[in-house]
Amino acid sequence: MFTCRDSGCKAMASYSSNMMRCALAIFLAILVLQVRSRKPNIVLMIADDLGYGDVGCFGNSTLRTPHIDSLAADGAKLTQHLTASSLCSPSRAAMLTGRYPVRSGKWHLGWSKDRLSDFAHHPMKHGFDYFYGLPLTNIKDFGSEGERLMKSVDPYIYYRILSIFLVMFITASCLYKSNNIGILFFLLILFTITAVFGLLYFVTDNFKLLNSQIYREYDNVEQPIDLETLMRKLVIEGQEFLEERSKDDAPFLLVMSWTHVHTYLHPAKRFGGKSRHGTYGDSVEELDWAVGEILKSLEQLGFKDNTMVYFTSDNGGHLEERNKHGEPHGGYNGILRGGKAHGTVDGGIRVPTVMRWPGHITPGTVVDEPTSLMDVLPTVAKAMGASVPDDRQLDGYDLLPLLQKQTLVSSHEFMFHYCGTEVHAVRYRPREGKSVWKLALKEPPYLPGQDVCMFICHCANSITLDPPYLYDMTSDPGERRPMNATDLPEIYHKMQEALKDHQQGLIPVETQYSLAKLFWRPWLQPCCNSNYPTCSCTDPKFNNKKYKFD
Ligand SMILES: *[C@@H]1O[C@H](CO)[C@@H](O)[C@H](O)[C@H]1NC(C)=O
């Protein structure tokens with residue numbers, strides 16, 4: 001933690017407090033700042049799993065995203081904007097802190113820490129003044145088709161649980177028969193394995209009951225989430241916040257953290273069947289509508305000219321995602337190779353990003369240089385006239401010099417691309433010329449002849465490249481023509497040295513993906529009406545006739 005001399009840096013405190021909130025968590029959070037002078041307002045919009053090739057201004061001619069495109073036309077398009085991870089939690093943690101996720105001890109938003117309602121990880125305990133949204137996640141289990149995320153991750157999960165249970169059961173029985181153990185001991189063993197496997201089954205089969213909920217500030221207002229009206233509700237909350245802001249003069253920071261276009265996809269009825277790309281396409285178009293609604297409010301309330309708007313995605317499109325009828329429910333990453341959770345290939349980490357700030361960014365600007373979501377924090381700080389914390393290493397840079405063409409070369413000379421807590425690739429932007437090099441140390445464990453895994457690629461199964469590959473990202477952005485790094489020793493050596501320096505400066509933290517970190521803690525489980533196992537509530541606010549859902 002650090003103290004603030006400038007009121008503007010309160011915003012930064014909320015961002016970079018080292019208790020990360022994020023990610024499985026999708027949320028809408030809002031911060032109001034007190035100010036002396038006329039500082040800009042900031043609106044950050046983050047889509048979930050939206051692919052590089054899903055957006056009109058990034059080359060998609062068959063989906064309609066006029067509002068996102070308008071931000072590029074009225075501002076800038078960032079064609080090489082990179083996430084710190086191809087998975088949501090670490091990517092979002094990095095965006096909020098301006099640092100590589102490996103530097104932080106917490107990635108997911110989570111909720112409470114020691115007791116059910118301590119709300120230790122709640123955004124309002126980390127500098128935000130208002131919160132409406134999902135503390136946890138949206139996953140396919142939340143839909144009405146009985147799909148299970150765990151079954152996609154491992155199609156045989158339930159057979160595995162059952163067979164391990166059976167093996168243990170038979171072993172225990174044999175031990176009992178061979179009379180080595182007493183009946184009581186036998187029953188105890190039986191009870192334990194039944195309880196453990198029963199719990200495993202319960203947790204993996206009940207993600208909806210355990211996770212599908214919306215909070216307004218500290219109140220659990222909706223459980224389970226009505227996904228069909230979710231986008232509309234997020235938009236209403238964002239717009240009402242903006243209306244409130246028009247009553248005072250203080251600049252604000254609004255974070256619209258969309259659940260779109262992560263599965264389970266359930267667009268509102270009026271978007272159903274309207275796009276040319278099934279439910280996924282309909283959801284992209286609903287997302288674009290929502291962006292348009294926020295832009296409309298900014299304009300109507302007179303905020304447009306003094307507001308920096310940023311739109312991005314937390315990682316690439318999920319190529320393997322399908323619904324149970326086999327219809328593709330994940331995004332498209334254009335010419336880039338791979339997608340979400342594919343380690344460090346660009347399809348997983350290069351995201352469609354646009355920015356608008358009238359009077360500061362010339363309409364139609366294009367930035368092709370490597371930039372990062374970690375740049376958001378220093379950029380916002382700069383725009384607000386606030387200083388960034390100096391008690392920790394930041395990995396992002398102010399984007400404004402690039403956006404304003406004061407410089408033509410990215411400040412990121414090297415970028416380290418992580419899969420979990422391990423660097424799988426390094427990006428190098430020499431200070432001269434135009435080239436961008438990517439050194440791939442490991443590749444995703446793709447199925448033979450394809451650029452996809454079964455459902456998701458796991459970092460641990462990645463394939464070590466020996467010698468590593470080098471890609472010229474300027475002429476080969478799709479990573480199709482690998483060169484042996486050893487054939488370009490000068491470049492290779494520079495990148496190795498940079499990686500060594502980077503790793504020497506790291507203070508290792510506990511892995512955030514261990515089973516112990518991820519496993520359910522029953523004592524922290526929220527239930528909106530304490531009426532287990534129903535836990536069913538609808539938000540009274542939206543019963544009011546003034547809100548129309550169609
Ligand atoms: C547009 O996006 C959709 C949905 O991801 C994809 O299926 C389609 O191929 C894309 N179209 C073009 C022309 O890029």
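Where a number appears in this text, it was derived from the coordinates with a stated rule and is not lab data. Keep in mind the model is a prediction, meaning the values are calculated, not measured. Neighbour counts run over all protein chains shown; Cβ positions are idealised from the backbone, glycine included.
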Just subtract the alpha-carbon distance of Trp523 and Glu240 from 0.36 nm times their residue separation and send over the number in nm, one decimal.
98.4 nm
Along the positive direction of the dipole of the chain (beta-carbon charges: Lys, Arg +1; Asp, Glu -1; about the Cα centre), which of Gln300, Ser514, Asn529 reaches farthest?
Asn529
Considering only lysines 8 or more places apart in sequence, or on different chains, count the pairs in segment 416-550 whose C-alpha atoms sit under 19 Å apart.
5
Using a/c under 1.5 as the rounded threshold, could you call segment 237-300 rounded, prolate or oblate? The axes a ≥ b ≥ c are square roots of the C-alpha gyration tensor eigenvalues, and prolate needs a/b larger than b/c, oblate otherwise.
prolate
Average silhouette area of the chain, convex hull of alpha-carbon atoms, in square nanometres
27.9 nm²
Cβ-derived FRET efficiency at R0 51 Å, Glu299 paired with Leu447, nearest 0.05
0.60
Gap separating the Cα centres of segment 273-292 and segment 315-356, nearest whole Å:
16 Å
Sorting His417, Thr371, Gly326 by the position of each Cα along the dipole of segment 305-448 (Lys, Arg +1; Asp, Glu -1; all at Cβ), the one nearest the positive end of that ordering is Gly326
At least 27 Å along the helix axis (C-alpha) and Kyte average at least -1.0, DSSP helices within the chain
157-177, 183-205, 227-245, 278-300
Starting with the fewest neighbours, write out Leu50, Leu230 ranked by other beta-carbon atoms found within 10 Å of each beta-carbon.
Leu230, Leu50
Under the rule of -39500 (n - 2.57) per DSSP H run of 4 or more residues, summed and divided by the residues of the chain, what mean residue ellipticity at 222 nm is obtained, to the nearest 500 deg cm²/dmol?
-9000 deg cm²/dmol
To the nearest 20 debye, segment 226-272 has a Cα-centred charge dipole, built from +1 on Lys and Arg Cβ and -1 on Asp and Glu Cβ, of 300 debye
Ranked Val102, Val221, criterion: other C-beta atoms within 10 Å, fewest first
Val221, Val102
Taking neighbour Cβ counts within 10 Å as the exposure measure, how do His122, His458 sort from fewest upward?
His458, His122
Dipole size in debye (nearest 20) for the chain around its Cα centre, Lys and Arg Cβ +1, Asp and Glu Cβ -1?
620 debye
Mind listing which trypsin sites (Lys or Arg not before Pro) in segment 430-488 are in a DSSP loop and have 10 or fewer other Cβ atoms within 10 Å?
Arg431, Arg480
